[in-house]
1. Quick one: how many residues across the stretch 118-149 are of a type outside the set (S, T, N, Q) and in contact (Cβ under 8 Å) with a residue 40 or more places away in the chain?
2. Restricting to the stretch 90-132, give me the number of residues that are in a loop (DSSP other than H, G, I, E, B) and either in contact with a helix residue (DSSP H, G or I) (Cβ under 7 Å, 6 or more places away or on another chain) or not hydroxyl-bearing (Ser, Thr, Tyr) (or both).
3. Yes or no: Val261 of a type in the set (A, V, I, L, M, F, W, C) and either under 25 Å from Leu73 (Cβ atoms) or free of Cβ contacts under 8 Å to residues at least 24 places away in the same chain (or both)?
4. Just name the residue that is nearest to Met121 (Cα to Cα) out of those in the stretch 170-187 that are touching a residue at least 24 places away in the same chain (Cβ under 8 Å) and touching a Phe, Trp or Tyr at 6+ places or on another chain (Cβ under 6 Å).
5. When the stretch 188-224 is examined, which residues are found to be among the hydroxyl-bearing types (Ser, Thr, Tyr) and free of Cβ contacts under 8 Å to residues at least 12 places away in the same chain?
6. Based on this model, can you work out whether Gly159 counts as surrounded by fewer than 16 Cβ atoms within 10 Å (Cβ to Cβ), in a loop (DSSP other than H, G, I, E, B) and at pLDDT 90 or above?
7. For the stretch 248-259, check the following and say yes or no: at least one residue is of a type outside the set (Phe, Trp, Tyr) and either in contact with a Cys (Cβ under 8 Å, 6 or more places away or on another chain) or not in a loop (DSSP other than H, G, I, E, B) (or both).
8. Only one of Ala167, Ala93, Ala152, Ala115 is in contact (Cβ under 8 Å) with a residue 40 or more places away in the chain, under 26 Å from Leu219 (Cβ atoms) and either of a type in the set (Ser, Thr, Tyr) or surrounded by 14 or more Cβ atoms within 10 Å (Cβ to Cβ) (or both). Can you tell me which?
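The values are calculated or read from the model by the stated rules, or taken from the named source; none is laboratory data. If you're wondering where the values come from, they're calculated on a predicted model, not measured in any experiment. Neighbour counts are summed over all protein chains in view; Cβ atoms, including those assigned to glycine, are modelled from backbone coordinates with ideal geometry.
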Amino acid sequence: MKKNILLSVIVGVGVSFLSFASAEQGLLIEDDDVTAPRISPVDELCGLHANITTCPNIVNWDALDSSLQPMMLPDGSVFYAYIRPHVSTFYQATIAEEQQREELQEVTPRFTGIAGRFVNMSPENLALMWIPNNDDARENLLISHVGAFEQAGTATFVGHEFCLAPANDNQNCIKNFEVKQGISRYTYNPFEGDKGPDGETTYNVDDLEEEQLEKYEKLLRAEEFAKRYKRFTGREYWSTYPRSRPMHYMYSADYFGQTHVVETKETHFVKLPPEEVLGRVSEVGSKRKLKEDEVSFS
């Protein structure tokens with residue numbers, strides 16, 4: 001008879017810790033380049049300092065993954081952010097002595113590359129340009145075209161310089177960016193202070209057509225969420241909010257050596273069947289699934 005198979009997944013080096021967010025426990029970053037998002041009375045009650053005492057009726061704390069913390073949004077919805085614990089917790093299966101684990105400290109990775117995200121919150125088609133260093137006589141180099149109310153990204157590192165320029169005049173920068181440590185999102189918004197392509201004019205939201213206004217408000221919502229996310233986690237939010245939750249269940253990756261045991265009815269081959277029973281597979285889709293009373297190879 002077909003048997004349930006127990007599979008194990010062991011957390012090890014190279015395993016990604018996937019979540020909606022990631023952070024240092026209780027970390028709040030004060031950054032001059034990060035404008036504080038709008039705060040509502042609900043945020044003061046359940047937002048950046050949410051806990052079971054202040055929000056007993058909004059969050060199901062008993063069912064909440066211990067690695068997630070609720071981040072209350074102005075519309076009353078809850079965003080669950082992964083809070084990265086102290087590095088010592090990742091070694092609880094490999095270092096027996098608690099005191100020895102607590103002495104562990106995070107190190108800065110040798111690789112300093114980061115992902116850069118550039119947002120065009122204007123109704124103009126622009127070009128994302130890389131600016132060579134001052135000792136280089138080369139012209140600015142095109143990285144990507146960024147359509148109206150669209151975004152573009154590229155690999156970069158601290159100290160790189162970029163600019164957004166009109167698509168038909170890409171050597172005439174209208175917004176410059178210098179990549180800084182810990183900052184991945186860079187935004188051009190002529191509706192909130194940035195100058196237009198002529199270097200003077202700013203834009204008025206009332207002049208946007210309905211479709212343009214919808215796109216602008218969507219980007220504005222995503223930008224405000226990203227600021228709130230950074231205040232809550234100390235890290236950048238690279239995706240566009242809102243986004244769908246993962247479709248499939250995700251097992252936690254809490255420490256190196258962690259094992260998850262999974263029970264499944266799916267056929268688990270440990271070796272190939274005998275040659276004499278192998279043939280061309282003609283069934284497709286659900287017809288290929290074994291029935292409960294069918295014999296499988298062991």
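1. Residues in the stretch 118-149 being of a type outside the set (S, T, N, Q) and in contact (Cβ under 8 Å) with a residue 40 or more places away in the chain: 11 in total.
2. The number of residues fulfilling the criteria is 18.
3. Judged against the criteria, Val261 is not a match.
4. Taking the candidates together, the pick is Tyr186.
5. If the condition is that a residue be among the hydroxyl-bearing types (Ser, Thr, Tyr) and free of Cβ contacts under 8 Å to residues at least 12 places away in the same chain, then Thr201 is the only one that fits.
6. Considered against the rule, which asks whether it is surrounded by fewer than 16 Cβ atoms within 10 Å (Cβ to Cβ), in a loop (DSSP other than H, G, I, E, B) and at pLDDT 90 or above, Gly159 comes out as yes.
7. Taking the stretch 248-259 first, the residues of a type outside the set (Phe, Trp, Tyr) are 248, 250, 252-254, 257-259.
Restricting the remaining residues to those that are either in contact with a Cys (Cβ under 8 Å, 6 or more places away or on another chain) or not in a loop (DSSP other than H, G, I, E, B) (or both) gives 259.
Yes, the stretch 248-259 contains a residue that is of a type outside the set (Phe, Trp, Tyr) and either in contact with a Cys (Cβ under 8 Å, 6 or more places away or on another chain) or not in a loop (DSSP other than H, G, I, E, B) (or both).
8. Criteria check complete, one pass: Ala167.
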